[in-house]
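Okay, structure first, notes after.
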Amino acid sequence: MPSKEHRDNLQKLFTRDKHGVVVLRGASILHRYGTDYEFPFRQESNFWYLTGVDEPDYEMVLNLGNGNFHLIAPDRDSDFAVWNGRIVPPAEIRERYQPDHLHIGQEMEEVLREIDPDVIYTVPSDLADELEDDLPDHTIDTESLTDALAWCRAIKNEDELGRLRHAAEINNQAHLEVLQNLRPGLYEYECKALFEYHQIRNGLVQDAYNGIHASGPNSAILHYTGTNRKLRNGDLYLIDAGHEYLGYASDFSRTWPVNGRYTDWQKVICEIVLEAQKAAIREATPGTRMEELHLLSAKIITDGLLDAGLLRGNRKELMEKDLFALFFPHGLGHFLGLDTHDVGGYPKGVTRIDRPGLRHLRVRRELEPGMVITVEPGIYFIPALLLPALDNPEKAPYLNRERIERLLDFGGIRIEDNLIITEQSPENLTRLPKEITDIEEVMSRS
Ligand code: GLY
Ligand code: MN
Ligand code: MN
């Protein structure tokens, strides 16, 4: 890991305050319910961001008074070497992470007593609870650091953008492999296996989130994680998946026709989602607010559903009554980085908009160059939302019952790209076919 980059990250945090210390604990290995089953190690994102340490059981202190970075490394015994592997010697730890002070096996409390800071900034955690018990004579602030880290992480540096581009590059390949092999008779888990094979063979062993491989009506389940259904002729197959590269995520969605040809209704819905997505991408430039993009997509979806005869009434009234959220119930997108739903979307004081759909939006701020976002509108036929609406006297007059009832097992369509915001048009990291003719053309060749 290039430590200069992490030194810069520490420095970025440091510019916000000139006193006190920042204290964080890195992740440890987790086991399944007290058994020997080990989950793959994944460093906690803030710790990774500030230190570059991708190993378990480390802690850090940044002295904001003099800029000194203290790293506390675990004191490994020979048992560790037997079961887990080589013990990294201190000189190598120094070389890798370049701390100003390396403390092997020292208690955090001791390190802090030596520095004796006037305030300790940390995040709510077991460590914060321990410090409150061990250092009752010190001020411990568990609020400010979360906000400060989110502020730093929201704008990506060139190294981070490079990792995001690489994660996207491999994700483009893996999605394309699935598209080229899609056919009726496959099981969802076979699509998942093929997708993961192409990630892992390229070294991206860690999924960025629970991938979604959803066919037929399952494609209307927003976070579907089952994978047992057999893909049928005429189904849609919604894939929403990505792996991470050195911690940085990729998160694409596409919705393909399993047999290579969209049905008429699938085409109609796909075109609406595509138009909503392309319009939002065009407007994703510095100064635009994410909620404006969400509402722009929502208007296009409302118009499209009106034209398709699924909604009734005039667009203004339908928008005022948030009818779009019955079909598009999630947020338009989110920040992407060390976490798939990355931090920084709601700076201190900014609250959620309490409207259906919009309240799930994960970012409410003006876009700036260096931010990385997803744009992922969708239209879904979710019986749990539509059936009560059809029986609701406030909503039913705007809904075409007969058409909607016929589409209750349609599933859903989501199209999701990853964008780097620049001074001009965004850089789109997703290079997968999304026009109907392009998708059908690729599938006809496979
Ligand atoms: N499936 C997670 C997301 O797209 O946000
Ligand atoms: Mn996604
Ligand atoms: Mn997403």
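All of the numbers you see were taken from the coordinates with simple rules; none came from a lab. On a predicted model such as this, the values are computed, not experimentally measured, just so you know. Cβ sites come from the backbone with ideal geometry, for glycine too, and all protein chains shown count toward neighbours.
Between E169 and D75, residue separation times 0.36 nm minus the direct Cα-Cα distance comes to 30.0 nm. A Förster distance of 56 Å, applied to the separation of the beta-carbon atoms of E368 and R86, puts the FRET efficiency at 0.85. Taking amide H as placed 1.01 Å from N in the peptide plane, G234 has its amide H under 5 Å from the amide H of V258, N259, each at least 5 places away in sequence or on another chain. For the pair A384 and R431, label points projected 7 Å from Cα toward Cβ lie 3.9 nm apart.
Here the label points at R232 and E177, each 7 Å from Cα along the C-beta direction, are separated by 3.0 nm in the simple model.
A Förster radius of 30 Å combined with the Cβ-Cβ distance from D36 to L127 puts the calculated FRET efficiency at roughly 0.70. Where a ≥ b ≥ c are the square roots of the eigenvalues of the C-alpha gyration tensor, would you call the range 65-213 rounded, which needs a/c under 1.5, or, failing that, prolate if a/b is larger than b/c, or oblate? Note, shape of the range 65-213 comes out prolate. The DSSP beta bridges internal to the chain are antiparallel in roughly 80% of cases.
In terms of packing, defined here as the mean over residues of other Cβ atoms within 10 angstrom, the peptides 168-176, 328-336 line up highest first as 328-336, 168-176.
Work the Kirkwood hydrodynamic radius out for the chain: mean of 1/r over every pair of different alpha-carbon atoms, inverted, in Å. Taking the inverse mean of 1/r over all distinct Cα pairs, the chain comes out at 23.9 Å.
Distance from the C-alpha centroid of the range 98-124 to that of the range 162-237: 44 Å, rounded to the whole angstrom.
One Cα centroid belongs to the range 273-338, the other to the range 344-396; the line between them spans 9 Å. What's the FRET efficiency of E320 with D264 using the Cβ-Cβ distance as r and R₀ = 41 Å, to the nearest 0.05? Between E320 and D264 the formula returns 0.85.
Between I353 and D100, what length comes free when the chain is fully extended (0.36 nm per residue of separation minus the Cα-Cα distance, one decimal in nm)?
Values: separation 253, 0.36 × 253 = 91.08 nm, distance 4.46 nm.
Length gained between I353 and D100: 86.6 nm.
Between I29 and T225, what is 0.36 nm times their sequence separation minus the Cα-Cα distance? Round to one decimal in nm. Don't jump to the answer; show the numbers that get you there.
On the way: separation 196, 0.36 × 196 = 70.56 nm, distance 2.39 nm.
Answer, rounded to one decimal: 68.2 nm.
Between the Cα long axis of helix 188-200 and the first principal axis of the chain there is an angle of about 40°, rounded to the nearest 10. Projecting the Cα atoms of I301, F14, H243 onto the charge dipole of the chain, computed from C-beta unit charges around the Cα centre, puts I301 farthest toward the positive end.
Pairs K192/K434; K230/K278; K299/K395; K156/K299; K12/K434: which exceed 27 Å Cα-Cα?
K230/K278; K156/K299; K12/K434
For the range 262-277, 3J(HN,Hα) computed residue by residue from phi via the Karplus equation (6.51, -1.76, 1.60; θ = phi - 60°) reads 6, 6, 4, 5, 4, 5, 4, 5, 4, 4, 5, 5, 5, 5, 4, 6 Hz, glycine and proline entered as x.
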